1. For PHE71, are the conditions met, namely being in contact with a Pro (Cβ under 9 Å, 6 or more places away or on another chain), surrounded by 19 or more Cβ atoms within 10 Å (Cβ to Cβ) and closer than 21 Å to ALA183 by Cβ?
2. What residue, among those in segment 162-173 that are free of Cβ contacts under 8 Å to residues at least 40 places away in the same chain and either buried (at least 16 other Cβ atoms within 10 Å of the Cβ) or closer than 23 Å to GLU25 by Cβ (or both), is nearest to ligand 2 (Cβ to nearest atom)?
3. Identify all residues within segment 109-128 that are surrounded by fewer than 21 Cβ atoms within 10 Å (Cβ to Cβ) and touching a residue at least 12 places away in the same chain (Cβ under 8 Å); write none if there are none.
4. Just checking, does segment 37-59 include any residue being away from ligand 1 (no atom under 15 Å from the Cβ) and crowded, with 17+ Cβ neighbours inside 10 Å?
5. Scan (1) over 18 Å from ASP122 (Cβ atoms); (2) within 7 Å of ligand 1 (Cβ to nearest atom); (3) in contact with an Asp or Glu (Cβ under 9 Å, 6 or more places away or on another chain) for the single condition VAL34 breaks and write down its number.
6. Kindly indicate the residue of segment 44-64 that is hydroxyl-bearing (Ser, Thr, Tyr) and under 23 Å from SER15 (Cα atoms) and also modelled with the highest pLDDT among those meeting that condition.
7. Please specify each residue of segment 28-45 satisfying the condition of being near ligand 2 (Cβ under 8 Å from one of its atoms) and among the charged types (D, E, K, R).
8. Enumerate the pairs (first residue in segment 65-79 and over 18 Å from SER15 (Cα atoms); second residue anywhere and of a type in the set (A, V, I, L, M)) with beta-carbon separation below 6 Å, excluding pairs fewer than 6 apart on the same chain, so at least 6 apart or on different chains.
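The values are calculated or read from the model by the stated rules, or taken from the named source; none is laboratory data. This one's a predicted model, so the numbers in the text were calculated from it and none came from an experiment. Neighbour counts are summed over all protein chains in view; Cβ atoms, including those assigned to glycine, are modelled from backbone coordinates with ideal geometry.
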Amino acid sequence: MVIKSAEFKTAAVRSGQYPDDHLPEVAFAGRSNVGKSSLINCLLQRRKLVRTSRTPGQTQTINFFLINGLFYCVDLPGYGFARVPMAVRAQWGPMVESYLGGRPNLRGVVQILDARHPPSPDDLKLWNWLIDRKIPAVPVLTKADKVPRTKWDAAASRASLSLGIPRDRLLLFSSETRHGRDALLLQVAAWIDP
Ligand code: GTP
Ligand code: MG
């Protein structure tokens, strides 16, 4: 898939604010600061389409980006970061759950994990929640550039064991080197146009 256009469409905190044009959507979920927004920029080859930050909790609304006029990439706020204000954390669950659980347009979820660490309890909670609801999901280990290549296999095996999936369902990714971009784009394309 060639990315011909990518534009910010809208930010939402409740369902009445989602786009109403019935296009397919792919969502990106994960812990705060794990690198969701950077991964979307990398995937779409747009340096500054999505705002990224060293400070966790940058993305606090559900942000819709229209791609090729054909589908949406949906950047979700991150979970599980203690420094994010309490009020924001209390809002996260209902806001993201009602999107993921109640959106007919949703074709798949990219669950982003940190290649340096085993999946956290919150990561596992979301993963199992998606599986229970039969929402198509693929796990991606990002920031792979921060792990020596010799340890990639161990990191992937550890995560796949913990998520209960075969090792080859897991993608390693780096927004710095673009490793994994082509493979992830193929997955997104398959969801959009099965
Ligand atoms: P929130 O919106 O706060 O939930 O964070 P996020 O998950 O969208 O993370 P974001 O993309 O803003 O990235 C967080 C930090 O990690 C930034 O400082 C990025 O530059 C850095 N980062 C993201 N992806 C990578 C990566 O693949 N490799 C490296 N080395 N750094 C990364
Ligand atoms: Mg973000």
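1. Values: in contact with a Pro (Cβ under 9 Å, 6 or more places away or on another chain): yes; surrounded by 19 or more Cβ atoms within 10 Å (Cβ to Cβ): yes; closer than 21 Å to ALA183 by Cβ: yes.
Criteria met by PHE71.
2. So in segment 162-173, the residues free of Cβ contacts under 8 Å to residues at least 40 places away in the same chain come out as 164-171.
From the residues that got through so far, the ones that are either buried (at least 16 other Cβ atoms within 10 Å of the Cβ) or closer than 23 Å to GLU25 by Cβ (or both) too are 165, 169-171.
On the way: ILE165: 25, ARG169: 24, LEU170: 22, LEU171: 19 Å.
Top of the filtered list is LEU171.
3. Kept after step one, since they are surrounded by fewer than 21 Cβ atoms within 10 Å (Cβ to Cβ), are these residues of segment 109-128: 116-118, 120-122, 124-125, 128.
Of everything in segment 109-128, those that are surrounded by fewer than 21 Cβ atoms within 10 Å (Cβ to Cβ) and touching a residue at least 12 places away in the same chain (Cβ under 8 Å) turn out to be ARG116, PRO118, SER120, ASP122, LEU124.
4. Taking segment 37-59 first, the residues away from ligand 1 (no atom under 15 Å from the Cβ) are none.
No; the residues of segment 37-59 include none that is away from ligand 1 (no atom under 15 Å from the Cβ) and crowded, with 17+ Cβ neighbours inside 10 Å.
5. Every condition holds for VAL34 apart from (1).
6. THR61
7. LYS36
8. ILE67/ALA6
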